[in-house]
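Only one structure is covered here, and it is reproduced in the block below.
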Amino acid sequence: MAPLEPLESLHKFYQYAFPMLTMLVTSTDKKNKPNIITISWHTTLSKKPPLYGIALAPNRFSYSLISETKEFVINFVSSKYLKDVHYCGTHSGKTTEKIHHTQFSFIPGQKSKAPRIKEAYAHLECTLIDTHRVGDHVLLIGEVVNASADTTAFKNDLLDIHKIQPIYYRGGNSYTQLNPDSLQQF
């Protein structure tokens, strides 16, 4: 490994955390018009109660929708839909109905007005319970009120990466996948 050098600037420090699992967040406006946004800044926050956090810039259309309706759905999709995921991350729902430009279709949420994406292998329906301004983003904390999954995508409660290849964002317009052959178990 080359010697570590100090960065000239910290403006891209966050890229050292990449690649990050990429997923889609669905939300609606008060008239139930749905939207999709692609994000990679997200995490489980608590098991009891079940809390999930997503970080959005406050100027994003989805941020305004979630702030208004207080609910959203996390949709985990496979690399089969990479082009659609990229499209949803590079176009604004203010000006286009993204669903019409992708292979995705909506199904109703079971406990949320926000729709789920039918093609996703797992969904987390969330009710917004808190927000925290964190620099140039806002951490939206959702209580998971319903979880659903394609059970054939999992083996012993773990994602079967031989069947499903999740999408990982590398930065810019670059994505990658897990290599199932590199899987190690202890």
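FYI, it's all coordinate maths here, none of it is from the lab. In this text, all values refer to a predicted model and were calculated from it rather than measured experimentally. Every residue, glycine among them, receives a Cβ derived from its backbone with ideal geometry; neighbour counts consider all protein chains shown.
Classify the stretch 79-186 from the C-alpha gyration tensor, please: rounded if a/c falls under 1.5, else prolate or oblate depending on whether a/b exceeds b/c.
Rounded shape, in that the Cα axes give a/c under 1.5.
Taking each DSSP H run with n ≥ 4 as -39500 (n - 2.57) and averaging over every residue of the chain yields -2500 deg cm²/dmol at 222 nm.
Net charge dipole, the stretch 20-180: roughly 160 debye, given to the nearest 20, about the Cα centre with Cβ charges of +1 for Lys and Arg and -1 for Asp and Glu. For the chain, taking the reciprocal of the average inverse distance between every pair of different Cα atoms yields a Kirkwood hydrodynamic radius of 17.4 Å. For the stretch 41-119, the Kirkwood estimate of hydrodynamic radius, built from reciprocal distances between every pair of different alpha carbons, is 14.0 Å. Subtracting the Cα-Cα distance of residue 18 and residue 150 from their residue separation scaled by 0.36 nm leaves 44.8 nm. Cα extents for the stretch 1-99 along the principal axes, largest to smallest and rounded to whole angstrom: 56, 36, 29. Projected onto planes of every orientation and averaged, the convex hull of the alpha-carbon atoms in the stretch 123-186 covers 7.1 nm².
Among the trypsin sites (Lys or Arg not before Pro) in the stretch 16-65, those placed in a DSSP loop whose Cβ has at most 12 other Cβ atoms within 10 Å are 30, 31, 47. Full extension of the chain segment joining residue 105 with residue 48 gains 17.4 nm, where the gain is 0.36 nm per residue of separation less the Cα-Cα distance. With the convex hull constructed from alpha-carbon coordinates only, the stretch 71-116 shows a mean projected area of 3.6 nm² over all directions. Residue 41: net charge of surrounding residues, Cβ under 15 Å, Lys/Arg +1, Asp/Glu -1, itself excluded? The answer is +3.
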